[in-house]
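Student: Can you keep this structure in mind? I'll have questions shortly.
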Amino acid sequence: MTTSQNNPANSDICHQPGLTRLEDALRIAFDEVAVRAPVIEAPITDCYGAILRKDIVARVDVPSADNSAMDGYAFYHADLQELVGKVDVQITVGGVSLAGQPFTGKIPRGQAIRIATGAAIPEGADCIIIQENVTANADETLLTVSQDVVAQTRQHQHIRRRGEDVETGAVILPAGKRLRPQDIAVAAGQGYQSVLVSKPLSVAVFSTGDELAKPGDPLPPGGVYDSNRFAMIGMLRACGCMVTDLGLLADDFDVLKTALKGAAQTHDVIMTSGGVSVGKADLLKPVVDSLGEIQAWKLAIKPGKPLMRGRIGDCVVIGLPGNPVSVMVSGLLYAMPLLSHMMGASDDVCAPLRLPAIAGFDFNRGTGRREWLRARLVQDDDGQWVAMPYHSASSGMLSSMVWAEGLIEIAEDCGQVRKGDQVLYLPFGGLQAF
């Protein structure tokens, strides 16, 4: 395999004329489509999945004081050092320190303080012996500590230092980040009740195609149930957008023009599937051209080549292909990153996770387009994880996306993959909307 499989930047030497590479198409789109989602202040409980628009800065140290990492007893380490060589040392317990109820005052010399996990370290104490390593009498006023435990105890043992997790003034969540449960938790841990995030984009969605039927309706001869619209709605909602479902629209110029004109006046984005290729019934391009302008069309990708981006006034129009797999792949790798950019996401949030993997298959193809194979990671006989593609590359097999757990990426100039080669694997968990 050529090295461009591992370095996609080299693939600019080989792509089909008239088609735009994915990374170029996204770069151009990011330049031409501004961040447009307004900034709103929202309660943190409403911010799961939202794009953060202002850095969150730590207000307090975490921990707020030196505290114990274990249940046990706090000591002066110097006192323990004086006991080295003595057998079955007995030490008086001079008090208790609990989380939220610290021991007050200074620990008496030669004594220990009973301490709970998370409790503040008493003044003077500088090490913890866990409770399993000592023997206490019935009322826990007297400890017996073995010589081995005394000898092995180190200064600062089992103590969490103030600020070792988070220091006051540190940026703990940068602007542009998509907020996950753990991000909301760390903001709450700093006392934030609300944060500044992007208002969700409003997106109108519809499918085109006279052959399509709504789920639940009788299926006409030669017809198929519409699935693309539901894939788009799911991806958009997972990406943090507010969705208006316009349903199915007929392959009719005037019907499409009326629908797009109305939706463009009340939405940030219109997303469609079908009608963007070169057939007689592919009317979306001329409709958009009559109302606004086409800004991009046809990408050097497989599946998903007939992808369109345009605008009607201030509304961005994204026309995805009609085949189900093409809708999902081009949606995940082009549309979702673009929408995240529009909501102020940083570049690393918009980019998919790409992991090196070992090919467990042979594959030959023509060059010129970047291709994604639906795939899984499986263990071979040696216990090594290898990437295995679905048995068919047909973009009409939506069930392949259910089977798959990720995508294998084949660079534009790579015409051959052999078993054992290194490939790039994009787990669905590292893509937008999954």
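Student: How many residues does segment 143-192 contain that are within 27 Å of Ile128 (Cα to Cα), open to solvent by 60 Å² or more (accessible area, probe 1.4 Å) and not in a helix (DSSP H, G or I)?
Tutor: 11
Student: Going through segment 95-119 one residue at a time, which ones are open to solvent by less than 30 Å² (accessible area, probe 1.4 Å) and either at negative phi or among the acidic types (Asp, Glu) (or both)?
Tutor: Ser97, Ile107, Ala112, Ile113, Ile115, Ala116, Ala119
Student: How many residues are under 17 Å from Asn323 (Cβ atoms), among the aliphatic types (A, V, I, L, M) and open to solvent by 50 Å² or more (accessible area, probe 1.4 Å) if we restrict to segment 386-425?
Tutor: Residues meeting the conditions: 4.
Student: Is there any pair linking a residue in segment 157-169 that is farther than 16 Å from Cys127 by Cβ to one that is open to solvent by 100 Å² or more (accessible area, probe 1.4 Å), with Cβ under 8 Å and at least six apart or on different chains, and which?
Tutor: Here the result reads Thr168/Arg59, each pair linking segment 157-169 to a residue that is open to solvent by 100 Å² or more (accessible area, probe 1.4 Å).
Yes/no per residue for (1) farther than 28 Å from Ala34 by Cα; (2) among the basic types (Lys, Arg); (3) assigned to a helix (DSSP H, G or I); (4) touching a residue at least 60 places away in the same chain (Cβ under 8 Å):
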| residue | (1), (2), (3), (4) |
| --- | --- |
| Ser340 | no, no, yes, yes |
| Gly344 | no, no, no, yes |
| Leu353 | no, no, no, yes |
| Phe361 | yes, no, no, no |
| Gly383 | yes, no, no, no |
| Val402 | yes, no, yes, no |
| Val423 | yes, no, no, yes |
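Student: What's the number of the condition Met308 fails, among (1) within 21 Å of Arg27 (Cβ to Cβ); (2) open to solvent by 10 Å² or more (accessible area, probe 1.4 Å); (3) modelled with pLDDT under 95?
Tutor: Just one mismatch for Met308, condition (2).
Student: Now for a separate question. Could you please let me know if Val316 is touching a Pro at 6+ places or on another chain (Cβ under 7 Å) and either assigned to a helix (DSSP H, G or I) or open to solvent by less than 10 Å² (accessible area, probe 1.4 Å) (or both)?
Tutor: When the stated conditions are applied, Val316 does not pass them.
Student: If I filter segment 370-385 down to residues being open to solvent by 40 Å² or more (accessible area, probe 1.4 Å) and at pLDDT 95 or above, which single residue comes out as farthest from Val329 (Cα to Cα)?
Tutor: Step by step, filter segment 370-385, then rank; the result is Val378.
Student: I've got another one for you. Just wondering, is there one or more residues in segment 196-214 that are in contact with a helix residue (DSSP H, G or I) (Cβ under 7 Å, 6 or more places away or on another chain), open to solvent by 60 Å² or more (accessible area, probe 1.4 Å) and closer than 21 Å to Pro38 by Cα?
Tutor: Scanning segment 196-214 turns up no residue that is in contact with a helix residue (DSSP H, G or I) (Cβ under 7 Å, 6 or more places away or on another chain), open to solvent by 60 Å² or more (accessible area, probe 1.4 Å) and closer than 21 Å to Pro38 by Cα.
The values are calculated or read from the model by the stated rules, or taken from the named source; none is laboratory data. Please read all numbers here as calculations on a predicted model, not as lab measurements. Quick reminder, even Gly has a Cβ in these numbers, built from the backbone with ideal geometry, and neighbours come from all protein chains shown. Side chains included, ligands, DNA and RNA excluded: accessible areas come from the protein's heavy atoms. Shrake-Rupley method; radii C 1.70, N 1.55, O 1.52, S 1.80 Å.
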